[in-house]
Structures are given as structure tokens and as C-alpha cells.
Amino acid sequence: MDISVDLTGVVLETERLLLRIWKETDLDDFYEYASVEGVGEMVGWPHHTSKDVSRKILQSFIAEKNVLALVLKENGKVIGSLGLHPSWANEDACFSRLKIKEVGYVLSKDYWGMGLMPEAVRAVIEFAFDRCSLDALTVGHFTSNTQSRRVIEKCGFTFVRDGLYEAKQLGRTFPERKYILLAQQGNQ
Ligand SMILES: CC(C)(COP(=O)(O)OP(=O)(O)OC[C@H]1O[C@@H](n2cnc3c(N)ncnc32)[C@H](O)[C@@H]1OP(=O)(O)O)[C@@H](O)C(=O)NCCC(=O)NCCS
């Protein structure tokens, strides 16, 4: 089952990151990484072609209260996002009785390959199970997205099945792989 999650006031701290709700003043940092070609496209959205596009999406993050900004402690810059969204498993007979959210994340290209997203996802796993009492988290990646597959493997998710993801904004359908992490696994 889907439950609503309100991340207002939540601050998660890791070795190198602070995860907190988005603010209007994050617009420049958001546009900086979201306007780079080849970042959003790996998730299903086109890179932003104007600050107005970023502003609209930033406003939806703020209104929906379910996406955290990733702030690099070293320089105070917002370098990515990590959200808790409705999951495909909420509609799946095997999992529909469980409280489940889908994790979605994006990191600025300038910071790829430093293990920052696994660090952030691990903090959100702990938060989701210990403080939100979720039963499971799901995640998925386009089959071609080996970078995200590595994050998912490093964070201990289990492969469930292949599927298709219709990226309406790109006018394309991608083969994707879906994974789950049950609370009892995550807390081991
Ligand atoms: C997926 C993503 C969040 C990974 O974050 P990250 O903090 O770079 O993750 P890691 O540092 O653990 O690196 C993961 C893998 O990326 C690959 N990688 C590392 N540096 C890279 C670089 N500069 N360019 C391309 N790939 C790189 C490596 O295969 C690495 O795996 P390894 O550690 O086993 O070598 C990031 O690549 C990203 O934001 N991509 C665009 C959006 C996206 O794909 N979101 C996920 C949608 S499901």
C-alpha cells in the first residue's frame, strides 16, 4: 500500500552529505546539474533548457514534500535529489499489503563515481525503515543504466523482475529492471 510521506523538517546527515527538503534558493544549483545533457535522460526526463523549467519542478518538489535535496557539506552546494515516490509494488498482489515507497535519485555529473549516491541511499533506507516504519523500498533502473545498477547492488536491493518504463517526456519506452529491499533485510 502507498502511504503519504512528508519530509518537512527532515535532515539526514552522512559523512559527506546533508539531505534536506528543497528550498526556492536552490534554483541555481538545481538548474546547473539538471541542464546538463545525459543526466535526466538516464531517468526519463529531458535536460532542462531554461531556468523556468527547473523553477516549476523545484516548486513541485517543495509542494509535494517527498523529495530531498543532497547538499555537499564541503561547499554547501545542492548536487542532487532523492525522492520517495509511489511504487509499482503497491499494485502488485505479492506486495500490496506492505507499506512501500519507490526511491528515485539523480546526481550532478560533476560528482559521479565518488560513492555519494550509495551513501545517500543508505541514509534514506535507514530513515525509511526506522523512522517511517516502511516495510520495503523499491527501486528501478533502465537496463542500459549500469551506473544506477551499481548503486542498487551496493545498497543491497534484490532483483524482482524486468519491466518496461514509458518515459512520456522523452516519447520513448525503456526496458527496466525492478528491485526491492524488505525492512528485515535493510536492518540486518
Ligand atoms: C546513478 C548515479 C546516481 C550514480 O551515483 P554515484 O554517486 O556516481 O554512484 P557510484 O559512485 O557508486 O558509481 C556507480 C557506478 O557508476 C560508474 N561510474 C563511476 N564514475 C563514472 C563516471 N564519471 N561516468 C560514468 N560512470 C561512472 C561506475 O560503474 C560505478 O560503479 P563502481 O563503483 O562499481 O565502479 C549517477 O550516475 C546519476 O545521477 N546518473 C544519472 C541519473 C540516474 O541514472 N539516476 C538513477 C535512475 S534509476
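Values quoted throughout were computed directly from the atomic coordinates according to the rules given, and no laboratory measurement underlies them. Just so you know, these numbers come straight off a predicted model, no measurement behind them. Positions of Cβ are backbone-derived with ideal geometry, glycine not excepted, and every protein chain shown enters the neighbour counts.
So which residues in segment 48-95 are farther than 28 Å from Lys178 by Cα and not polar (S, T, N, Q), if there are any at all?
Residues satisfying the conditions are Lys51, Asp52, Val53, Arg55, Lys56, Leu72, Lys73, Glu74, Gly76, Lys77.
Within segment 96-121, take every residue that is within 17 Å of Asp135 (Cα to Cα) and surrounded by fewer than 16 Cβ atoms within 10 Å (Cβ to Cβ) and give me the one that is farthest from the ligand (Cβ to nearest atom).
Ranking the candidates gives Arg97 first.
Residues being in contact (Cβ under 8 Å) with a residue 60 or more places away in the chain and in a loop (DSSP other than H, G, I, E, B): count how many of those fall in segment 90-105.
Qualifying residue count for the region: 5.
Ala136: aliphatic (A, V, I, L, M) and closer than 19 Å to Glu91 by Cβ, yes or no?
yes
Specify the residue that is surrounded by the fewest Cβ atoms within 10 Å (Cβ to Cβ); the eligible residues are those in segment 26-75 that are under 25 Å from Glu15 (Cβ atoms) and of a type in the set (Asp, Glu).
For segment 26-75, the residue satisfying everything is Glu74.
Quickly run through segment 124-173 and pick out the residues that are away from the ligand (no atom under 16 Å from the Cβ) and either at positive phi or in a loop (DSSP other than H, G, I, E, B) (or both).
Arg131, Cys132, Ser133, Leu134, Asp135, Gly171
Answer yes or no: is there a residue in segment 29-51 that is in contact (Cβ under 8 Å) with a residue 12 or more places away in the chain, assigned to a helix (DSSP H, G or I) and among the β-branched types (Val, Ile, Thr).
Scanning segment 29-51 turns up no residue that is in contact (Cβ under 8 Å) with a residue 12 or more places away in the chain, assigned to a helix (DSSP H, G or I) and among the β-branched types (Val, Ile, Thr).
Enumerate the pairs (first residue in segment 149-162 and within 18 Å of Tyr105 (Cβ to Cβ); second residue anywhere and among the polar types (S, T, N, Q) and more than 8 Å from the ligand (Cβ to nearest atom)) with beta-carbon separation below 7 Å, excluding pairs fewer than 6 apart on the same chain, so at least 6 apart or on different chains.
That search, which allows pairs on different chains as well, returns Gly156/Gln185.
Tell me yes or no: at least one residue of segment 5-12 is surrounded by fewer than 12 Cβ atoms within 10 Å (Cβ to Cβ), away from the ligand (no atom under 16 Å from the Cβ) and touching a residue at least 60 places away in the same chain (Cβ under 8 Å).
Yes, because at least one residue in segment 5-12 is surrounded by fewer than 12 Cβ atoms within 10 Å (Cβ to Cβ), away from the ligand (no atom under 16 Å from the Cβ) and touching a residue at least 60 places away in the same chain (Cβ under 8 Å).
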